[in-house]
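> I'd like to ask some things about the structure below.
Quick note: the coordinates plus some simple rules give every number you see, no bench work behind them. Keep in mind the model is a prediction, meaning the values are calculated, not measured. Here the Cβ positions follow ideal geometry from the backbone for every residue, glycine too, while neighbour counts run over all protein chains shown.
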Amino acid sequence: MNRNENVTDRVPVLVTGGAGYIGSHAVLALKDAGWPVAVIDNLTTGFRFAVPDGVAFYEGDIEDAELLGRIFEEQGTRAIMHFAGSIIVPESVEDPLKYYHNNTAKSRTLIEAAVKAGVPHFIFSSTAATYGVPEVSPVREDTPQSPINPYGWSKLMTEQMLTDTASAHTLNFCALRYFNVAGADPKARTGQSTAGATHLIKVAVEAALGKRDGVAVFGTDFDTPDGTGVRDYIHVSDLAAAHVLALEALMAQPERSLKMNCGYGRGFSVLEVLDAVDRVTNMTIDRRMEGRRAGDPASLISDPSRIRANLPWQPEHDDLDTIIAHALAWERKLSQLRGEG
Ligand SMILES: NC(=O)c1ccc[n+]([C@@H]2O[C@H](COP(=O)([O-])OP(=O)(O)OC[C@H]3O[C@@H](n4cnc5c(N)ncnc54)[C@H](O)[C@@H]3O)[C@@H](O)[C@H]2O)c1
């Protein structure tokens, strides 16, 4: 059935991976805007405390088609935001089949369950890693996608499954290709909680709070203004807001699917980020200069023209110091939650 929802409808949304870093921010964005939300998460890297009260929580795996069917029925699910997955690039190189299983095969199960139940809208967490080492920066969506690791491939394959499924069935989708996600909910209700995370800003604020000795800078001889890698950091709450707008766009035009970069379209070098962390924390964090990591592009910046043209997206936290301040506030709260502070 192709029921064209009115954009003002607040249809029930199932968030997979909603106990994780980005998913928990999407849950808040949906809930704050009055959407009925349910979460499925197997808690492998997520945390039960990250799912707010009032949100139906199903502890389970997205490969459990029976559970998915039950959730769709109980919740009346009309849209899926699919964050669940494995995200560590080096691990994907060592254990590729884990990534093709958890990210690709299980996404297939989820998409099939959605088609079977007639869930018409699907939003997928894709990644700039699907571009591999792009020849141009900023990167447009029509830049050839040529991943250089199994993680990127596992995500690109899912984009392809969605493209083909949307052609064959009554489902439209939006693949959002995130650049570097950072920061935390401005009210510190959730944030990145994974131990041993490798994201630069997370690592730097951990160092600021004495949880690490310092920060390693991988590569100082790139062809960039200061020799260190340049990345496009997007505040996680702005990213979550983009998901809600993408859902509204899918509901307004059920025949149309979208693939869009998510970034601000400007980059900061590793040293610029670390200078900003020093500035925000009023400290001097130790930096260890190390060699390049295999496969790290010099610069990875999104061209955000498409998302700007297609969604009424008005980022509220496009400011490096704000991103760092929010990450720091969450890191402090996390220490308290864990009884460390
Ligand atoms: N963090 C980034 O910078 C970034 C960049 C690009 C894309 N992404 C994508 O965004 C999504 C969310 O990433 P994140 O940073 O929030 O990671 P995360 O590890 O914090 O969240 C993933 C969540 O999915 C859950 N999960 C994993 N496999 C599952 C399964 N089979 N069934 C049910 N639940 C499962 C985990 O328990 C966790 O709560 C991922 O798909 C990731 O590939 C993240």
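> Report the charge-dipole magnitude of segment 142-282 in Debye, nearest 20, computed about the Cα centre from +1 at each Lys and Arg Cβ and -1 at each Asp and Glu Cβ.
420 debye
> Restricting to lysines 8 or more places apart or on different chains, can you count the pairs in the chain with Cα atoms under 18 Å from each other?
Eligible lysine pairs with Cα atoms under 18 Å apart amount to 11.
> Shifting gears a bit: Take every Cα pair under 8 Å in segment 189-341 that's 6+ residues apart, average their separations, divide by the length, and report that relative contact order as a whole percent.
Over segment 189-341, the number comes to 36 percent.
> Let me ask you something else. Using a/c under 1.5 as the rounded threshold, could you call segment 77-155 rounded, prolate or oblate? The axes a ≥ b ≥ c are square roots of the C-alpha gyration tensor eigenvalues, and prolate needs a/b larger than b/c, oblate otherwise. Could the numbers behind the result be given before it?
Details: a/c = 2.91, a/b = 1.44, b/c = 2.02.
Judged from the Cα gyration tensor, segment 77-155 comes out oblate (a/c at least 1.5, b/c at or above a/b).
> For the chain, modelled as a GNM with alpha-carbon contacts under 10 angstrom, which of GLU206, GLU91, GLU248 fluctuates the most?
Of GLU206, GLU91, GLU248, the Gaussian network model singles out GLU91 as fluctuating most.
> With charges only on Cβ, +1 for K and R and -1 for D and E, what is the dipole size of the chain about its Cα centre, in debye, rounded to 20? List each step's numbers first, then the result.
On the way: 32 positive and 44 negative charges, 73 e Å.
Charge dipole, the chain, about its Cα centre: 340 debye, nearest 20.
> What dipole magnitude, in Debye to the nearest 20, does segment 55-192 give about its Cα centre under +1 on Lys/Arg Cβ and -1 on Asp/Glu Cβ?
360 debye
> Relative contact order (percent) for the chain, with alpha-carbon contacts under 8 angstrom and 6 or more residues of separation? Let's see the in-between values first.
Numbers: 685 pairs, mean separation 65.8, N = 341.
Relative contact order for the chain comes out at 19 percent.
> Another one. Sort ARG306, ARG78 so that the residue with the fewest other Cβ atoms within 10 Å of its own Cβ comes first and the one with the most comes last.
Ordered by Cβ neighbours within 10 Å, fewest first: ARG306, ARG78.
> Sticking with this one: Among rounded, prolate and oblate, which fits segment 1-81 when a ≥ b ≥ c are the square roots of the eigenvalues of its C-alpha gyration tensor, a/c under 1.5 means rounded, and a/b larger than b/c means prolate?
oblate
> Considering Cα pairs under 8 angstrom that are at least six residues apart, work out the relative contact order of segment 118-232 and quote it in whole percent.
Relative CO of segment 118-232 lands at 23 percent.
> Beyond 23 Å, how much of the Cα-Cα pair distribution for segment 25-134 remains, as a whole percent?
Taking all Cα-Cα pairs of segment 25-134, the fraction more than 23 Å apart is 31 percent.
> Students often get this wrong: which residues of segment 18-51 have the backbone nitrogen under 20 Å from the point 7 angstrom along Cα-to-C-beta of ALA188?
21-22, 24-26, 28-29, 47-51
> Once a ≥ b ≥ c are taken as the square roots of the eigenvalues of the Cα gyration tensor of the chain, is the result rounded (a/c under 1.5), prolate (a/b larger than b/c) or oblate (a/b not larger than b/c)?
prolate
> Could you tell me the distance between the Cα centroids of segment 17-58 and segment 70-149, to the nearest Å?
Using only Cα atoms to place each centre, the spacing works out to 18 Å.
> Where does the chain land at 222 nm, in deg cm²/dmol rounded to the nearest 500, when only DSSP H runs of n ≥ 4 count, each adding -39500 (n - 2.57), divided by all residues?
When only DSSP H runs of four or more count, the value is -11500 deg cm²/dmol.
> Once you place label points 7 Å from the Cα toward the Cβ at ALA65 and ALA105, how far apart are they in nm?
Modelled inter-label distance: 1.4 nm.
> Let me ask something else about it. Comparing ASN172, ASN180, ASN102, which has the greatest mean-square fluctuation in the GNM of the chain with Cα pairs linked when under 10 Å apart?
Between ASN172, ASN180, ASN102, it is ASN102 that shows the largest mean-square fluctuation.
> Follow-up question, since we're still on this one. Pick out which of ASP223, ASP61, ASP321 has the largest mean-square fluctuation in a Gaussian network model of the chain, springs linking Cα atoms closer than 10 Å.
ASP223
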